[in-house]
1. Somewhere in region 254-261, is a residue at pLDDT 90 or above and touching a His at 6+ places or on another chain (Cβ under 9 Å)?
2. Within region 407-460, work out how many residues are within 13 Å of the ligand (Cβ to nearest atom), of a type outside the set (Gly, Ala, Ser) and part of a loop (DSSP other than H, G, I, E, B).
3. Could you look through region 19-43, keep only residues that are more than 9 Å from the ligand (Cβ to nearest atom) and in a loop (DSSP other than H, G, I, E, B), and pick out the one that is farthest from the chain's Cα centre (by Cα)?
4. Which residues, taken from region 547-561, are over 17 Å from the mean Cα position of the chain (by Cα) and surrounded by 20 or more Cβ atoms within 10 Å (Cβ to Cβ)?
5. I'd like the full set of residues that are surrounded by fewer than 13 Cβ atoms within 10 Å (Cβ to Cβ), touching an Asp or Glu at 6+ places or on another chain (Cβ under 9 Å) and more than 18 Å from VAL509 (Cα to Cα), limited to region 441-483.
6. Within the group ILE142, ILE154, which residue is aliphatic (A, V, I, L, M), under 19 Å from the mean Cα position of the chain (by Cα) and within 25 Å of ALA46 (Cα to Cα)?
7. Evaluate region 389-399: report whether one residue or more is more than 21 Å from the chain's Cα centre (by Cα), on the phi > 0 side of the Ramachandran plot and modelled with pLDDT of 95 or more.
Amino acid sequence: MTESVQRLEYDVVVIGAGGAGIRAAIEASAQGARTALVCKSLFGKAHTVMAEGGIAAALRNVWQEDSWQVHFRDTMRGGKLLNNWRMAQLHAQESPDRVLELEEWGALFDRTKDGLILQRDFGGHRYARLAHVGDRTGLEMIRTLQQHAVHKGIDVHMECTIQRLLTADGAVTGCAGYWRQTGELVAFGAKAVVLATGGVGKAWKITSNSWEYTGDGIAMALDAGADLIDMEMTQFHPTGMVWPASVRGILVTEGVRGDGGTLKNSEGRRFMFDYIPDFFRADTADTEREADAWYEDKVNNRRTPDLLPRDEVARAINAEVKAGRGSPHGGVFLDIASRRSADYIRRRLPSMYHQFKELADVDITATAMEVGPTLHYIMGGVRVEPDTAATTVPGLFAAGEVAAGMHGANRLGGNSLSDLLVFGRRAGLGAAAYASRRPAPALDDAQLQAAARDILAPFARDESGEDPYQLHERLQSTMQANVGIVRTAGELEQALRDIERLRARAATVRVKGGRTYNPGWNLALDLGAMLTCAEAVTRSALRRTESRGGHTRADHPKADKEWGKKNIVTQRRDGVLVLAEEPIPQPPPELQALLGDDVPTGAAATATGAKEAVRS
Ligand code: FAD
């Protein structure tokens with residue numbers, strides 16, 4: 001039977017309407033391309049809305065000493081030098097202009113006394129660098145971009161899930177999916193497609209990520225022939241809520257520590273002083289007294305170890321909890337109440353105040369929060385060419401969290417929102433330039449019908465078919481238990497066996513009811529992408545036999561110099577995932593000189609006192 005599929009045609013189709021997608025669409029449209037923005041949530045509701053702490057850019061409003069060179073160095077160091085140097089350079093150079101442009105388009109940032117955009121401290125940044133709007137920066141960013149996009153006349157198609165990229169002769173010709181509201185099928189013909197679909201946190205049980213984060217874009221790109229890189233590099237943010245159970249994983253912004261909050265264990269000890277890696281010692285206060293002095297008097301520019309990069313802090317919390325020095329609900333304490341006034345906390349961190357009051361009945365102006373690591377971000381993803389955001393598939397571009405390279409082995413806080421603006425714009429430019437040289441593609445009916453059959457298949461299966469919710473729960477459990485903060489070969493192999501079994505079961509997944517707003521069906525389709533990403537993460541984690549940034553192997557606790565020179569590339573060939581190692585492009589001498597000789601690795605064994613506790 002032939003399924004009816006609605007057809008729409010554009011020059012450029014952008015899949016995803018978070019910061020990266022909207023910025024890309026604005027740019028493509030500004031270049032004269034007929035542009036569509038497609039998203040599976042409501043317009044204005046993307047994951048970017050949840051971003052709290054700010055946008056990193058060397059604006060030099062708080063610290064004159066800051067520069068793009070220092071931002072570049074911090075980003076590369078934070079990423080343990082696994083970053084694509086050219087992306088880190090473009091990002092550091094262009095993010096100030098992108099923030100000022102956002103302000104020009106109407107974003108209302110917090111201000112310094114002189115009326116400049118205020119910048120706050122965040123982990124791994126040498127200088128206070130994050131432009132912010134209280135702890136609701138993402139909301140302001142999306143509001144501003146959304147308004148700008150609407151006035152540009154860009155067509156927005158919301159509540160539309162794209163399931164597959166369409167190709168001809170190896171190049172992209174469009175994409176196909178379904179309207180969530182009606183369940184009807186739709187295909188977009190496009191000369192160029194930009195992926196801006198975000199990450200894959202929903203494959204883990206404890207995550208700060210929204211329901212949209214099922215890895216659709218990463219899996220679709222891989223299936224269309226694109227390369228993925230460094231999928232093992234997942235970021236566990238050190239501070240998610242740990243209770244009540246129903247809200248476990250929800251983010252507690254790094255801004256709490258940036259504004260004076262400190263981490264303590266059950267003995268009341270500021271344990272981060274025990275975990276300062278040698279590499280950061282020169283930049284970091286050695287004693288509590290010095291760190292306190294830094295808060296009181298920012299002129300000496302010392303750093304508190306509470307603001308070490310996220311991978312370091314997450315591993316330290318993990319180690320404290322494993323050593324029996326955790327809080328009652330399995331985290332540690334984050335205390336801002338004893339250093340800042342109630343008024344200051346409510347003004348600077350209004351969302352955090354309400355989040356804890358409403359979800360946990362805790363008043364953070366009087367009591368310490370309980371926090372613990374939560375899966376937050378994926379540094380790995382689709383490989384892109386830095387200047388144009390082109391993937392390895394002609395006509396396919398990618399920007400934002402779905403893309404890889406910019407953050408290396410560990411992302412610094414605030415560097416995602418700036419990444420979205422810098423590379424969203426570049427992806428829009430790249431896609432529009434590509435589209436201007438191509439004729440309108442013809443969609444292949446056979447491909448469309450094959451996509452339609454796969455999308456509707458869960459309705460056609462009999463009673464013995466699998467329940468999508470159970471499969472999702474199993475996947476999350478195995479990823480949480482076996483592909484977590486600290487990994488071993490045995491656990492990763494177990495995860496691979498589980499994923500294989502789950503994939504076989506997912507092939508028989510069955511849904512009840514009709515196509516209209518059917519969440520079981522939506523999840524049944526999302527499962528395929530989550531399983532693909534989970535497999536790519538696990539295989540890459542097994543392959544990288546070292547500890548670096550977001551990837552810690554208890555059975556290989558040190559960083560390895562040779563691994564530090566390699567990306568792990570994942571491709572799909574004849575239906576199976578194939579991994580290869582490729583040398584990372586090296587920065588030119590003038591940028592190399594900015595980095596110095598030391599290589600921060602984030603190896604688990606470097607933190608004093610953490611050695612035996614990293615895994616138990
Ligand atoms: P998103 O904003 O997630 O947008 C993805 C879009 O793709 C959505 O519109 C979604 O509907 C759409 N989509 C997905 N799949 C499909 C599909 N199959 N078909 C159609 N549409 C699809 N970073 C910072 O730099 N600073 C911060 O302060 C900060 N705070 C954060 C706080 C929280 C709680 C979290 C979770 C993250 C935070 N981050 C922060 C990280 C940052 O918010 C994200 O990395 C970033 O917003 C990702 O943006 P994006 O444009 O790539 O994707």
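The values are calculated or read from the model by the stated rules, or taken from the named source; none is laboratory data. All figures in this text were calculated on a predicted structure; none of them were measured in a lab. With ideal geometry, Cβ positions are generated from the backbone for all residues, glycine too; neighbour counts draw on all protein chains shown.
1. No, region 254-261 contains no residue that is at pLDDT 90 or above and touching a His at 6+ places or on another chain (Cβ under 9 Å).
2. The qualifying residues number 3.
3. Restricting to residues being more than 9 Å from the ligand (Cβ to nearest atom) and in a loop (DSSP other than H, G, I, E, B), the top hit is GLY32.
4. Passing the criteria: SER547, ARG548, THR552, ARG553, HIS556, ALA559.
5. Those that are surrounded by fewer than 13 Cβ atoms within 10 Å (Cβ to Cβ), touching an Asp or Glu at 6+ places or on another chain (Cβ under 9 Å) and more than 18 Å from VAL509 (Cα to Cα): none in region 441-483.
6. After ruling out the rest, the residue left standing is ILE142.
7. yes
Quick grid of which residues meet (1) in a loop (DSSP other than H, G, I, E, B); (2) more than 11 Å from the ligand (Cβ to nearest atom); (3) among the hydrophobic types (A, V, I, L, M, F, W, C):
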position	(1), (2), (3)
THR182	yes, yes, no
PHE188	no, no, yes
LYS191	no, yes, no
THR214	yes, no, no
MET220	no, no, yes
PRO238	no, yes, no
